[in-house]
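Below: one structure, written as structure tokens.
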Amino acid sequence: MALTAAQLADLMPDMTQLESDEPEIESSLHYTQLALLVACLEWFWGDRQDFFIGANLTIYFSHQQLKNRDFRGPDFFLVQQTERKPRRSWVVWEENGQYPDLIIELLSDSTASTDRALKKALYQDRFHTPEYFWFSPETLEFQGFQMVGRQYEEIPSNLQGWRWSETLSLFWAFTTNSYAILNPTVGSFPHRSNWQPNPKLN
């Protein structure tokens, strides 16, 4: 007996309950950077309910990838036009096919080459994520890319070393040893009005 689409859907497992499958964060420095990223954006968007932030959370984007478990999720990702609620992971086919609008990787010795090459290609060619940034908390290496057509092009930095995010309408910039978000209408980190850019980037 043939099943209707609705009956078949009722028989399928709830994939939104898939647990994240990420390794532990590599260092306390990486943890601090990640926590600051989340806190900054949630502070700016505190009154919004139409976004999701993933931090060290697995993105499941195909059944083959789920089977092979051959991909580690981004350190930080943002999805807009979705419900702001807790999730165990981000399952693309359970989220109306939505991929991240912005991804940030925190470089480390063990991940830097993958973040610069393999993941950059994946985010460009498969995810079509509009903006991709990477940052090393240890060396302060900082790069940003924006999708132009079907390829990433580097986002230039200004004289202070800040890089503009069209997705967020905010600048990404640094304190001496931390990541921070700049509000372009205020020109400073929200909790530190005397913030100064890192001299290493000038």
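What follows is calculated from the coordinates using simple rules that are stated; it is not laboratory data. Because the structure is a prediction, the values reported are computed rather than measured. Quick reminder, even Gly has a Cβ in these numbers, built from the backbone with ideal geometry, and neighbours come from all protein chains shown.
For this structure, a couple of remarks:
- Taken over the Cα atoms of the stretch 65-131, the convex hull encloses 106 Å³ per residue.
- Each of 128, 30 was scored by other Cβ atoms within 10 Å of its Cβ. Arranged with the fewest first, they read 128, 30.
- When +1 charges are put on Lys and Arg Cβ atoms and -1 charges on Asp and Glu Cβ atoms, the dipole computed for the stretch 64-141 relative to its Cα centre reaches about 360 debye.
- Once Rg and the Kirkwood radius are both taken over the C-alpha atoms of the stretch 23-163, their ratio Rg/Rh works out to 0.94.
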